[in-house]
Amino acid sequence: MGRVANQSMTTIVSSYIGVVIGYINLLFLFPKFLSPDQIGLFKAVQSVAMVMVPFAQMGLNNTLVKYFSAFNKKPGGKHSFLTMMLIWGMSSYLIFLFIFSIFREPLSQLFAANAPEVIQYFNLVLILVLVSTINGIMDAYSRSLLKILAPNFIRDIILRLMTTVIILLYAGEYITFDDMIMSLAVIYAMSLIILAGYLGFLGEVKLKRSIRFPEGVTFRNILNFSLFSVVGAGGSIIVLSIDTVMVTTMLGLEAVGIYTIVFFIALVIELPKRAVSQIASPMIANHFEYGRLDMIGDFYKKAANNQLLFGSLIFIGIMTSLDQLFLLIPNGAVYATGKTVVLLIAISRIIDMMTSVNSEIITMSKHYRFNVVLLATLAILTVVNNIWLIPIYGIDGAAGATLLTYVIFNAIKLWFVWYKFKIHPFSKPMVGSFLLFLGLWFGGSFLEFGFGPIIEILLRSLIVAVIFAGIVIGFKLSPEGRGFIEELLQKAKIRKN
């Protein structure tokens, strides 16, 4: 876990810098300069594109991670593999483009009633899908090289800073709102260029004319895995993102604008999981390659405990200061109607982190087909839940459908990993971490000092963080967490080794 911990902790810091930028964008600049309808349209265009990306990408990101170790055993093998993935990615996008042209009109009808503005940006959606398809391959290649810091920095910081720029340009009336939306193509393309340039600078981007398959791996193996992966990836993106698209089509742009803001407040809770997951997939694939199931089981437990610890700290920080946060948001009363969404999404993320890297274990094992079938089934369940709950409860119904799906999804994955590999994510330290989570959540609800929102948020966050750090260090709930906290304290010259 040491290598993972070092990169993951650094990634978390980078991610939180991105969160600060994201908070400034979504919680202050967007509400100040855009109406809920405009925020909804800006988000809807990106969400529609992201739902389509897995079908254009044909599961190639997972395929690259899955077979990278096998190709990398021979000199130049990784470069020929990257070449094949890029050619395959462009080919699959052309197939997607043809299919989209057939279903463009029926798709337009879905948005015609409540969000017709989305339809005029379908060409932009196609551009975003193309760039994201190639970017996903490059990102997976970088992760397979265990180079996760630069891709995260580009996605979490540079991408958001460029978003800040276009918001300010719009606020200063240098560009129109239409220009602001169209500039998404430039932002996404710049992110891809920077990532490709970084890998090229490291000498890792070398295209090969000939492609040699390693022993035991055939084109048919890769094709079968990719075809299964596209179903799984499509199901996964539907489980994770279809709520935004369905809120758009069923409730309109204003509702999705509010949903976007409150959803993001809760979404930051899963940052520890994102950091671990990006390095976990290639490591788990490598462990399976060499039959190291005991190391996978050990990682499974440690990842669950660390994700719960740091996820719960963010959860408590958000929930204890939620009212004060809405006071700081421009037109906060409008967005405060989504408080329940924050709670439901936050709980769903805590559940997901407690169950650790079960998706990565299944996907990188020989049982990856089960994950595909499960994701496809749950995708249907997610759509049904949203159709059922959104008309009754509005955006709260969309969040409730997400929580219900997460509970079912993770329960089944937990059972399957135990049934096939006899490993689980639970440990004695995790019991202590969960009790710490409940105790701080309950105790934090009584914190109130009567100051203004900024001072109130800072005081509550400081008290929770100090108690959290003291208990983690004192009770040795996590060696990795303790080391990270002590390192931060040392750098801040508060504590000396």
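The values are calculated or read from the model by the stated rules, or taken from the named source; none is laboratory data. All values derive from a computational prediction rather than experimental measurement. All Cβ positions, even for glycine, are placed from backbone atoms using ideal geometry, and neighbour counts span all protein chains on display. Areas reflect the complete protein model, heavy atoms only, side chains present, ligands, DNA and RNA absent. Shrake-Rupley method; radii C 1.70, N 1.55, O 1.52, S 1.80 Å.
Do we have Met353 as touching a Gly at 6+ places or on another chain (Cβ under 6 Å), aliphatic (A, V, I, L, M) and either within 30 Å of Gln324 (Cα to Cα) or in contact (Cβ under 8 Å) with a residue 60 or more places away in the chain (or both) here?
yes
Look at Ile137 and say whether it is part of a helix (DSSP H, G or I), β-branched (Val, Ile, Thr) and farther than 26 Å from Ile95 by Cα.
No.
Looking for something open to solvent by 10 Å² or more (accessible area, probe 1.4 Å), in a helix (DSSP H, G or I) and free of Cβ contacts under 8 Å to residues at least 60 places away in the same chain - is there at least one such residue anywhere in segment 62-76?
No, the conditions are met nowhere in segment 62-76.
Taking Ile102, is it open to solvent by 20 Å² or more (accessible area, probe 1.4 Å), out of contact with any Pro (no Cβ under 6 Å at 6 or more places or on another chain), aliphatic (A, V, I, L, M) and in a helix (DSSP H, G or I)?
Yes.
Name every residue in segment 185-224 that is buried (at least 20 other Cβ atoms within 10 Å of the Cβ) and either in contact with a His (Cβ under 8 Å, 6 or more places away or on another chain) or under 19 Å from Thr363 (Cβ atoms) (or both), in order of residue number.
Ile222
Return the residues of segment 142-158 that are open to solvent by 40 Å² or more (accessible area, probe 1.4 Å) and in contact (Cβ under 8 Å) with a residue 60 or more places away in the chain; say none if nothing qualifies.
Leu149, Phe153, Arg155
Among the residues of segment 200-229, which ones are part of a helix (DSSP H, G or I) and farther than 21 Å from Ser142 by Cβ?
Across segment 200-229, the qualifying residues are Phe219, Arg220, Asn221, Leu223, Asn224, Leu227, Phe228.
Using the structure shown, decide if Ala379 is within 21 Å of the chain's Cα centre (by Cα) and farther than 30 Å from Arg292 by Cβ.
yes
Give the residues of segment 466-478 that are surrounded by 15 or more Cβ atoms within 10 Å (Cβ to Cβ) and over 12 Å from Gly443 (Cβ atoms), sorted by residue number.
Ala469, Val472, Ile473, Leu477, Ser478, listed by residue number.
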